[in-house]
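The values are calculated or read from the model by the stated rules, or taken from the named source; none is laboratory data. As the structure is a computational prediction, the values presented were derived from the model and not from experiment. With ideal geometry, Cβ positions are generated from the backbone for all residues, glycine too; neighbour counts draw on all protein chains shown.
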Amino acid sequence: MHPPSIAHPLALLCRVGFEPDLIEELKAWFHARGAAVTVDSVQPAVVRTGPTSAVPRLTELVFARDLMVVTAELPTLGVKDRITPIGAALDALGPFSSLSVLAPDSEATKPLAPLLGAIDARLQARVQPGSAPAAAVWMLAGTHAVVGQAPASGGARYPGGIPRLKFPREAPSRSTLKLDEAFQVLLTEAERNALLRPGASAVDLGAAPGGWTYQLVARQMRVTAIDNGRVDAGLMASGLVTHLREDGFRYRPPKPVDWLVCDMVEKPGRVAELVARWFAQGWCRAAVFNLKLPMKRRFEAWTLALQELKALTGKGFMVRARQLYHDREEITVAVVPERPGAPVGTGAARDRPSRQSEKRGLPHAAAPTGKAQRPGAPVGKGSTRDQPSRQGEKQGSRHAAAPTGKAKRKR
Ligand code: SAM
């Protein structure tokens, strides 16, 4: 395995159309470290860098879904035998504990799905369970592969940054998957266990028709849903939802709640300011919110919104952000207390200076690990999740455009 001091190019995956944003983000990251590294994109959903020994943690990037330290580029594979050269490149890595074979999530690479399965089936035997790094093969085209490994700081929780979440039949909007994914990707297992517990209280700003509220109710949480629009009748029948037709920017909770979630379509700075106010007032102890980014300069918009949240990181909270797989022209942000067990509204978590969060830095402080918490009894009877197996999380072939359940309703 190559020591980190050796410079390698990096390859990163993002949502199609967001390459300029990831490029800008990476340039800012390298610039802040005084590293002169080229960054560009010649293919949808893929961003490449020149050789660098400075490697960002995936959790430090908002617009990247996955990151590979590239140790071999094979741009002219023969169609008759791709396995021999790819296998040799993998062998050169040394032992590896898992292997993912995937293609960028784009229209052009969709037809590669069967090829990925075939390559994966031939290469999995090389995996040696243990603590060695994760290896990856990304097929950029049918005869073009990059081979490498996850960064030492850890790769994507799900290969290609694509979780397989099943759309729950009873959920009133596809948007439900955004909050589900946010809980899986932006929270650690310990945080999910401590914060998403039955009986916890939540406010959902911009709740209608109720996709996010559904995720909270599925975890047996009590939700105040704020929206002038109609909230799904099935959710209301759960007895766990109070619907208030109020303005989310004016609403004040009568007493502190465990969770604030917010999916209102508004300017990112305005939403970030609102969330910052909720924490400053001690109205909530954790939050997940969506920032809509319909503008051209999305990285800049996020950087400005982040300014509104910066004060929280010195007050016992961690701020993490990511363009999730289920996000479109938007990103999702989580604010979680460093001590998830601290009681709500006491200010206990807020007033303690955070050396940990300073050290870890924004926007995403810690790589989430561990298995997803199974939600409590969902509204209705359908299963809410098609949780990947542990093995499936770590390895296995997956086209980055793998389907994630059928959406019957629009967001
Ligand atoms: N999260 C919802 C779901 O999963 O079903 C979808 C929310 S939708 C993207 C945005 C919602 O925000 C709309 O229902 C809209 O009525 C609401 N909204 C926008 N501005 C609002 C405001 N100032 N106060 C309350 N709700 C607002």
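Quick notes on this one:
- Total residues in region 288-302, condition away from the ligand (no atom under 16 Å from the Cβ) and either in a loop (DSSP other than H, G, I, E, B) or without any contact (Cβ under 8 Å) to a residue 40 or more places away in the chain (or both): 4
- One residue stands out in region 228-245 among those that are within 11 Å of the ligand (Cβ to nearest atom) and under 19 Å from LEU177 (Cβ atoms): the one that is surrounded by the most Cβ atoms within 10 Å (Cβ to Cβ), namely LEU235.
- Candidates ALA150, ALA135, filtered to the one that is away from the ligand (no atom under 16 Å from the Cβ), surrounded by fewer than 24 Cβ atoms within 10 Å (Cβ to Cβ) and not basic (Lys, Arg): ALA150
- Test: residue in region 160-175 that is small (Gly, Ala, Ser) and under 30 Å from PHE96 (Cβ atoms): yes
- Selection from region 16-47 of residues that are among the charged types (D, E, K, R) and touching a Phe, Trp or Tyr at 6+ places or on another chain (Cβ under 8 Å): ASP21, GLU24, GLU25
- Of the strands (runs of 3 or more DSSP E) that lie entirely inside region 172-247, those containing 1 or more residues that are in the same structural domain as VAL271 (by TED's automatic domain parsing) and without any contact (Cβ under 8 Å) to a residue 24 or more places away in the chain span 222-226, 241-244.
- When LEU274 is tested against the conditions (1) among the hydrophobic types (A, V, I, L, M, F, W, C); (2) within 18 Å of LYS310 (Cβ to Cβ); (3) within 12 Å of the ligand (Cβ to nearest atom); (4) without any contact (Cβ under 8 Å) to a residue 24 or more places away in the chain, the lone failure is (4).
Residue-wise test of (1) more than 29 Å from ALA54 (Cβ to Cβ); (2) out of contact with any helix residue (DSSP H, G or I) (no Cβ under 6 Å at 6 or more places or on another chain); (3) among the small types (Gly, Ala, Ser); (4) surrounded by fewer than 16 Cβ atoms within 10 Å (Cβ to Cβ).
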| residue | (1), (2), (3), (4) |
| --- | --- |
| LEU67 | no, no, no, no |
| ILE83 | yes, no, no, yes |
| ILE86 | no, yes, no, no |
| ASP91 | no, yes, no, yes |
| SER98 | no, no, yes, no |
| ASP105 | no, yes, no, no |
| PRO111 | yes, yes, no, yes |
| LEU123 | yes, yes, no, no |
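- Scanning region 246-269 for residues that are within 11 Å of the ligand (Cβ to nearest atom) and in contact with an Asp or Glu (Cβ under 7 Å, 6 or more places away or on another chain) yields a count of 1.
- Test result for THR52, modelled with pLDDT under 95 and either over 22 Å from the mean Cα position of the chain (by Cα) or under 22 Å from GLN323 (Cα atoms) (or both): no
- Selection within region 173-225 - among the hydroxyl-bearing types (Ser, Thr, Tyr) and away from the ligand (no atom under 16 Å from the Cβ): THR188, SER201
- Which listed residue, of ALA156, ALA88, is farther than 28 Å from TRP212 by Cβ and small (Gly, Ala, Ser): ALA88
- Any hit, region 32-46, residues being outside the structural domain of MET318 (by TED's automatic domain parsing), touching a strand residue (DSSP E or B) at 6+ places or on another chain (Cβ under 9 Å) and on the phi > 0 side of the Ramachandran plot: yes
- MET68 being free of Cβ contacts under 8 Å to residues at least 40 places away in the same chain, part of a strand (DSSP E or B), among the hydrophobic types (A, V, I, L, M, F, W, C) and assigned by TED's automatic domain parsing to the domain that holds ARG48: no
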